[in-house]
Amino acid sequence: RRARRVEAARHRSFDRLGVRVARPRTAIGTRGVVHRSHAMLTKFETKSNRVKGLSFHSKRPWILASLHSGVIQLWDYRMGTLIDRFDEHDGPVRGVCFHKSQPLFVSGGDDYKIKVWNYKLRRCLFTLLGHLDYIRTVSFHQEYPWVVSASDDQTIRIWNWQSRTCVSVLTGHNHYVMSAMFHPKDDLVVSASLDQTVRVWDIGGLRKKAAGGGGDESGMRMPGGGSIGGDDFFGGGGAAGE
């Protein structure tokens with residue numbers, strides 16, 4: 001009975017953390033080879049409906065977790081402690097991503113909003129508007145001041161977070177776009193949709209415009225030339241309805 005009361009108290013607070021640490025098991029194989037099973041290091045427990053998005057910090061032992069409740073939590077996974085929480089979205093936050101070098105992160109949610117935050121200042125710097133439906137994922141470019149976002153409005157958008165403008169809209173999917181991300185080195189974006197296709201987009205024109213200081217950053221093409229639709233993969237010959 002006492003154990004039940006302790007367990008209930010542990011889950012009473014929204015931000016109360018329960019941490020479980022598992023030790024790896026070691027076994028000796030038939031040939032004398034030592035095998036170590038993969039083990040969960042830490043389990044974070046919060047009383048929330050669902051966790052929708054995650055992001056590692058590139059240098060610190062931090063994890064961002066975006067929740068169905070609309071809250072974004074910042075955790076230290078080594079200490080097992082909640083560092084901060086950010087609460088400005090109206091509804092679930094599905095995508096979140098740390099910037100590689102700046103004290104920033106970006107989030108996107110069901111309120112159709114993309115927010116750029118400074119975690120040192122502990123506040124949202126600005127909001128990017130343009131999507132017409134839920135935003136599924138957001139991520140930063142490795143080099144340029146760009147954010148790519150995927151949305152249920154069937155588009156992928158690329159934003160310049162320094163000028164706070166949308167610099168390109170990629171259209172071609174005919175169902176919800178569930179994920180989009182930049183290639184870590186090449187001038188490519190990949191997207192996945194419920195239209196049963198994965199598309200690869202060449203953004204070399206966008207990079208050239210940005211590097212040359214041109215005002216129009218909207219140049220897009222398919223790898224190898226062609227229309228703006230992108231190359232389809234896993235689609236069995238293309239998107240439904242094409």
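The values are calculated or read from the model by the stated rules, or taken from the named source; none is laboratory data. Computed from a predicted structure; not experimentally measured. Neighbour counts are summed over all protein chains in view; Cβ atoms, including those assigned to glycine, are modelled from backbone coordinates with ideal geometry. These accessible areas exclude ligands, DNA and RNA; they are computed on the full protein's heavy atoms, side chains included. Shrake-Rupley method; radii C 1.70, N 1.55, O 1.52, S 1.80 Å.
For this structure, a couple of remarks:
- Other residues within the sphere of radius under 10 Å centred on the Cβ of Asp133, judged by their own Cβ, net out at -2 (K and R +1, D and E -1).
- For the peptides 147-160, 82-95, residues were scored by their other Cβ atoms within 10 Å and the scores averaged per peptide; the highest-first order is 147-160, 82-95.
- Too-long pairs where the Cα-Cα distance tops 22 Å, listed order kept, from Lys120/Lys185; Lys185/Lys209; Lys52/Lys113; Lys185/Lys208; Lys120/Lys209; Lys100/Lys185: Lys120/Lys185; Lys120/Lys209
- Taking 7 Å steps out from each Cα toward its Cβ at Arg78 and Val169 produces label points 4.5 nm apart.
- Neighbourhood net charge (10 Å Cβ-Cβ; Lys/Arg +1, Asp/Glu -1) for Glu143: +3
- A dipole drawn for segment 35-167 from +1 and -1 charges on Cβ atoms has a positive end, and of Leu67, Ile83, Phe105 the residue lying farthest that way is Ile83.
- Area of Trp161 that stays accessible when all protein chains are in place (1.4 Å probe, Å², to 10): 40 Å²
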